[in-house]
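The values are calculated or read from the model by the stated rules, or taken from the named source; none is laboratory data. The structure displayed is predicted, hence computed values, not measured ones. Here Cβ is always computed from backbone atoms with ideal geometry, including for glycine, and neighbour counts include all displayed protein chains.
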Amino acid sequence: MLIRRHIGLFIVILSFIVLSFGIPFALPICYIFDLSASNRLASTRALFFIMGLLAMEIFGVLISFIIWIIEFPHLNKKRFEHRNYLLQNWWGMTIAKIGIRIYKLKFSIEEPFEITNESFILFIRHSSFIDTFLPIFLISSKHQIRLRYILKEELLFGPCLNIVGNRIPNVFVRRDKVNTQRQLEEIRNLVINMPIGEGVVLYPEGTRFTKEKQEYIRSKAKIEGEKSMMRTLRFKSILPPQMGGALTLLETIPNADALFCSHSGLESTVNLKHLLSGQLVGTTIRVNFHQVNASEIPINDERRKNWFDDQWAQVDRLVTKFNSIQKL
């Protein structure tokens, strides 16, 4: 963890310094390239967004250090945790606003999140690194609700997330098959004492959706048998859910509602090539929440698996619908 933190911080600071000195040269080059490519100034916008992202990483680390100094020797753990929650929300919300401003994004929320006094599990599709900011933008900052995250371990190379994310309740998991049981136990411990009114976020696909990943999963399912293949083919626009983390959460906090978030519009940010295409500029991000009361979630393991697949299929139908609207 510390090695990733130091490497990430070194890369961020070095990149910021290089870009700061190089931007007088890079900016006109990007602008000329954008004019010739007719890509809505995509590379120019990407340059400013990357600069903003790097600046927020450095600023976030500085504030986290100030919090550490103010709260030393950290006797008041609740206050220390609260201030880091505030930093996390401010940091994520500011990055989201920078992206929205630079890329002129708009939001269309078909079914908004309904505030209740109950705890909830947010299951959200994963199409881009940017959708990791959606829970903060749509729920935490808007409704002042604390969220706990189950995220991939690779994100710890972001120094601010590495520092603050490990000060407050979160779990960073490896996406391979190593120590699966230990990681499920960490997920269980994350939520077993979660206060009423808070939420936990899980991306059930386990990785970002791409057509290549979809074809790979389908080819594996074909080898596993007809039942596995039929299940995989059920999902057209998203990947099939990985059940381990989802079932662990549902079992550990049976009184929590299940909240499913479908969204479309961020597919053009899967990688740098897509980002430089200009497709993201002016995009409408379409969002839908559908909520299932805890009392409606099956208790039996097998029925719960089938139920979760049905709910995820509903997410798939909404994403497919949103994608078709985006193409009009």
Query raised in the report: Which members of segment 117-152 meet the condition of being without any contact (Cβ under 8 Å) to a residue 60 or more places away in the chain and over 27 Å from K213 (Cβ atoms)?
Result: S140, S141, K142, H143, Q144, I145
Report task. Would you please list the contacts, defined by Cβ atoms under 8 Å and residues six or more apart or on different chains, that run from a residue in segment 102-116 that is free of Cβ contacts under 8 Å to residues at least 60 places away in the same chain to a residue that is charged (D, E, K, R) and not in a strand (DSSP E or B)? Result -> I102/R45
Query raised in the report: Looking only at segment 246-285, which residues are in contact with a strand residue (DSSP E or B) (Cβ under 7 Å, 6 or more places away or on another chain), within 19 Å of K211 (Cβ to Cβ) and not hydrophobic (A, V, I, L, M, F, W, C)?
Result: S262, H263, S264, G265
Report task. Look at segment 152-167 and say how many of its residues are in contact with a Phe, Trp or Tyr (Cβ under 6 Å, 6 or more places away or on another chain) and closer than 19 Å to V191 by Cβ. Result -> 1
Query - Qualifying residue in segment 135-142 (condition: at pLDDT 90 or above and surrounded by fewer than 19 Cβ atoms within 10 Å (Cβ to Cβ)) - result: no
Query - Top-ranked residue of segment 111-126 - restricted to ones that are in a loop (DSSP other than H, G, I, E, B) and within 9 Å of the chain's Cα centre (by Cα), ranked as surrounded by the most Cβ atoms within 10 Å (Cβ to Cβ) - result: R125
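From the list R182, R231, pick out the single residue that is charged (D, E, K, R) and within 24 Å of P298 (Cα to Cα).
Result: R231 is the single residue among R182, R231 that is charged (D, E, K, R) and within 24 Å of P298 (Cα to Cα).
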Query - Boolean, R234 is in contact (Cβ under 8 Å) with a residue 40 or more places away in the chain and more than 20 Å from I95 (Cβ to Cβ) - result: yes
